[in-house]
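Data first, discussion second: the structure below is written as structure tokens.
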Amino acid sequence: MKASLVSKIIIIVCFLCLIAGFIRVDKYKALDETKKNITTANKIAVVQLEGAIASSSDSGFFALDTGASSVLKSLIKAQTDNDIKGLILKINSPGGTVGMSQNIYNQIIRLRQKKPVVVVLEDVAASGGYYIACAADRIIAQEGTLTGSIGVIFSFMDYHSLLSDKLGINPVVIKSGKFKDIGSSTRPITNEERELMQEIINDSYAQFLAAIDYGRIKRNDNYSAKKVILTQENLRKYADGRVFTGRKAQQLGFVDILGDLDTAEIEIEKMAQEKFNNKLPAKLVDYAWKTTFSEYFSSFAEYSKSDIKLKDIVPLSMILSRKPLYLWE
């Protein structure tokens, strides 16, 4: 009986994936038809980064396009796509892992050496979301956008008292060195371990500041688009984990322009014309990574995991526990 039920579930899932695949194919056929009417040499790619920034997406079934891994692929593709003369990256994210934030940041830095990049901050673009934004030539935000949260966090649960005192469970760990199980939830953290983790946090924080310094303070482009200067003084003063509105961020130098996607389109077209000395108008094109059947299926598997289902009631730093995070929650 159970085997029969499992078989039916698998068949249903495969059928849904197949339908989704056809929908996606039709979507890109329509997009390709639209592209035929666009001057080949004048396209502006639009990419969306949504949700937590991590190597594996938690966007859910049928929603891999806006995950960090897919965004990274789109950025890599845009770098060598001669049809693309500029890129707009929309960010709506509280941040995420240090490594993936740095991967996307570094790719934007490489991309902007060849073509202009503008970031649009949406509802929230905090911590790792802001880290990534700093790689762009210009940052645009709404007045009410929440951004900032410059800093690093490391979290894990300590439930050793529950195990030993309430349940009578005493974990046994055999390890090669005293730090091998650092961050374990089955025992209290030691002073030495706390000091070691603080060193890691401080180093990751220094990397965050260096990324902002390189991406924003040391910008030397000649684009006519408005550029607000961020000073070292403001960076050090306000990089304490606080969040601020887009309006406040612009006043302090963390954001260049207040506006939305339409504003970004105006600015990126002007920058692309200046970069390539081409006065022809540019057209925005959806540049989302084309998800394969296997990616749809793996997305369903990810969405079925218990930790993803708990994301609305468990802090994200606990879901992504035992690693330094550029994250606001």
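The values are calculated or read from the model by the stated rules, or taken from the named source; none is laboratory data. Since the model is a prediction, treat every value here as computed from it, not as a measurement. In this analysis, Cβ positions are derived from the backbone assuming ideal geometry, glycine residues included, and neighbour counts consider all displayed protein chains.
Points worth noting:
- Subset of the stretch 107-152 (residues that are over 21 Å from ALA282 (Cβ atoms) and either assigned to a strand (DSSP E or B) or touching a Lys or Arg at 6+ places or on another chain (Cβ under 6 Å) (or both)): LEU121, GLU122, ASP123, VAL124, ALA125, ALA126, CYS134, ALA141, GLU143, LEU146, THR147, GLY148
- Every residue from the stretch 236-264 that is buried (at least 20 other Cβ atoms within 10 Å of the Cβ) and small (Gly, Ala, Ser): GLY246, ALA249, ALA264
- Test result for LEU230, part of a loop (DSSP other than H, G, I, E, B), under 19 Å from ALA126 (Cα atoms) and hydrophobic (A, V, I, L, M, F, W, C): yes
- Among the residues of the stretch 131-160, those that are hydroxyl-bearing (Ser, Thr, Tyr) and either loosely packed, with under 10 Cβ neighbours inside 10 Å or modelled with pLDDT of 95 or more (or both) comprise TYR131, THR145, THR147, SER149.
- Number of the exception - MET100 against (1) assigned to a helix (DSSP H, G or I); (2) at pLDDT below 90: (2)
- Meets criteria (farther than 30 Å from VAL285 by Cα and of a type in the set (Lys, Arg)) for LYS248: yes
Residue by residue, here is whether (1) aromatic (Phe, Trp, Tyr); (2) farther than 22 Å from ILE91 by Cα; (3) under 24 Å from the mean Cα position of the chain (by Cα); (4) outside any helix (DSSP H, G or I) holds:
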residue: ALA211; (1), (2), (3), (4): no, no, yes, no
residue: ARG219; (1), (2), (3), (4): no, no, yes, yes
residue: ASN222; (1), (2), (3), (4): no, yes, no, yes
residue: ARG247; (1), (2), (3), (4): no, no, yes, no
residue: GLN250; (1), (2), (3), (4): no, no, yes, no
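- Sub-8 Å Cβ pairs linking a first residue in the stretch 83-98 that is crowded, with 22+ Cβ neighbours inside 10 Å to a second residue that is in a loop (DSSP other than H, G, I, E, B) and among the acidic types (Asp, Glu), at least 6 apart or interchain, are PRO94/GLU329, ordered by first then second residue.
- Entry remark, the stretch 154-209: residues being under 23 Å from LEU316 (Cα atoms) and either part of a loop (DSSP other than H, G, I, E, B) or among the charged types (D, E, K, R) (or both) number 19 in total.
- Qualifying position, being more than 26 Å from LYS43 (Cα to Cα), in contact with a helix residue (DSSP H, G or I) (Cβ under 9 Å, 6 or more places away or on another chain) and assigned by TED's automatic domain parsing to the domain that holds ALA272, among GLY168, GLY183, GLY129, GLY177: GLY183
Results for (1) touching a residue at least 40 places away in the same chain (Cβ under 8 Å); (2) over 15 Å from TYR131 (Cα atoms), shown as yes or no for each residue.
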{"site": "SER204", "(1), (2)": "yes, no"}
{"site": "GLN207", "(1), (2)": "yes, no"}
{"site": "ILE217", "(1), (2)": "no, no"}
{"site": "THR231", "(1), (2)": "no, yes"}
{"site": "GLY241", "(1), (2)": "yes, no"}
{"site": "ARG247", "(1), (2)": "yes, yes"}
{"site": "GLN251", "(1), (2)": "no, yes"}
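- Pairs where the first residue, in the stretch 146-174, is without any contact (Cβ under 8 Å) to a residue 12 or more places away in the chain and the second is surrounded by 14 or more Cβ atoms within 10 Å (Cβ to Cβ) and in a loop (DSSP other than H, G, I, E, B), C-beta under 9 Å, 6+ apart: SER164/THR186; ILE169/THR186; ASN170/THR186
- Filter result for GLY183 (within 18 Å of LEU230 (Cα to Cα) and in contact with a Phe, Trp or Tyr (Cβ under 7 Å, 6 or more places away or on another chain)): no
- Top-ranked residue of the stretch 269-297 - restricted to ones that are acidic (Asp, Glu) and modelled with pLDDT of 65 or more, ranked as surrounded by the fewest Cβ atoms within 10 Å (Cβ to Cβ): ASP286
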